[in-house]
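K.L.:
Can you read through this structure? Questions will come right after.
The values are calculated or read from the model by the stated rules, or taken from the named source; none is laboratory data. What you see is a predicted model, and the numbers here were worked out from it, not measured in a lab. A quick note on method: Cβ atoms are made from the backbone with ideal geometry, for glycine too, and the neighbour counts reach across all protein chains shown.
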Amino acid sequence: MRFGRVALDEAEGAVLAHSVPLERGRLRKGTLLGAGEVAALRDAGVTTVVVARLEPGDVGEDAAAARLASALVPDPEAAGLRIGEAATGRVNIHADVPGVLEVDAARVDRVNELDPMVTLATLPRWQRVAAGSMVATVKIISYAVQEGSVRGACDAAPGALRVRPVQYGSAKLIQTRVREGESGEKGQRAMKTRLDRLGVALGPRQVIAHERDALAEAIEAADEEVVLILTGSATSDPDDVAPGALRDAGGTVTHFGMPVDPGNLLFFGRHRGRPVIGLPGCARSPALNGADWVLERLLCGVALSSADIMGMGVGGLLKESPARGRPREA
């Protein structure tokens, strides 16, 4: 591609690089200059313009962006994504279903390493998305790029992006109390807000005594597809009331604790094939905490291991909740 200032008489067939004001309105950058556009510029007293002129082997910005987007998402329905129309060298990609965004960072990096004029930006890995959320944008910076750059980016892109949709339709929140009169309304309300965002129904409020036997019975009796536990007293050990009750009910504890704050005192496991999450006390607040990251992924069928949890420390220092009982810096 040749780029630079030319005499107006040489501009026909080129792409206008910068907007030019006219007597009425303006001729926008990116306009392909035909005879009519050149005449309008001449009438405005313009004698030279900055243009981009494609050469053999060049691919125009819109065509290049559209090709890369299609290569990135070869089967939009299977990926839970929707590809937008190309305009000004950009194609936006949106989620078609609620869920969490799975990103292959290595593939995205390879796309971006090939040519600085070819770019792909995405939301963070595993971010929760709603139907219609923009999850990625392809942008060709220059007015054209070489065919080889487009081909290389398209070869690197497939499989880099998809939405993992919600896999469960119902959840039960079991809360425990250490004093009579604790209603559990705050916790129920906060968790309903979280679940509503993903279209998961929350069962009736249940508050029981903070006792291992009572909690084990409640876990066994729950009919919902996911069990959430929010205790009235913080879970401070793998053998504390809540993880112990899960094991007593015949379940397993996969991991206790996480390097995310707020959210340290979380555990998760399974009971009869369904996910069980022991929530930290900060889950009573609607503010983002480590439990959100675990809850959203498990609801979308994303497997989580202890290694996954322990890898959340970078970026795991979240904004402190004003409802926190013991602030980081008292």
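K.L.:
Mind listing just one residue for me: the one in the range 177-226 that is touching a helix residue (DSSP H, G or I) at 6+ places or on another chain (Cβ under 6 Å) and charged (D, E, K, R) and, of those, nearest to V166 (Cα to Cα)?
P.N.:
R205
K.L.:
Show me the strands (runs of 3 or more DSSP E) found entirely inside the range 1-97 where at least 2 residues are touching a strand residue (DSSP E or B) at 6+ places or on another chain (Cβ under 8 Å) and crowded, with 16+ Cβ neighbours inside 10 Å.
P.N.:
Numbers: elements: 2-7, 48-53, 58-60, 81-83, 90-95.
Those strands (runs of 3 or more DSSP E) span 48-53, 58-60, 81-83, 90-95.
K.L.:
Can you pull out every residue in the range 72-117 that is farther than 29 Å from A303 by Cα and of a type in the set (S, T, N, Q)?
P.N.:
T88, the sole residue that qualifies.
K.L.:
In the range 289-305, what residues are touching an Asp or Glu at 6+ places or on another chain (Cβ under 9 Å) and either surrounded by fewer than 20 Cβ atoms within 10 Å (Cβ to Cβ) or not assigned by TED's automatic domain parsing to the domain that holds M191 (or both)?
P.N.:
V302
K.L.:
Residues of the range 91-120 being over 18 Å from R151 (Cα atoms) and touching a Lys or Arg at 6+ places or on another chain (Cβ under 8 Å), which ones? So that I can check it myself, show each step before the final result.
P.N.:
Initially, the range 91-120 is screened for residues over 18 Å from R151 (Cα atoms), giving 92-105.
Of everything in the range 91-120, those that are over 18 Å from R151 (Cα atoms) and touching a Lys or Arg at 6+ places or on another chain (Cβ under 8 Å) turn out to be I93, H94, A95, D96, P98, G99, V100, L101, E102, V103, A105.
K.L.:
Please list, ordered by first then second residue, the pairs with beta carbon atoms under 9 Å, 6 or more apart or interchain, first in the range 221-232 and among the charged types (D, E, K, R), second crowded, with 17+ Cβ neighbours inside 10 Å and assigned to a loop (DSSP other than H, G, I, E, B).
P.N.:
If the second residue must be crowded, with 17+ Cβ neighbours inside 10 Å and assigned to a loop (DSSP other than H, G, I, E, B), the pairs left are D223/G203; E224/Y168; E224/G203; E225/Y168; E225/V200.
K.L.:
Sticking with this one: Can you pull out the residues in the range 269-282 that are in contact (Cβ under 8 Å) with a residue 24 or more places away in the chain and within 16 Å of R297 (Cα to Cα)?
P.N.:
Matches in the range 269-282: G269, R274, P275, V276, I277, G278, L279.
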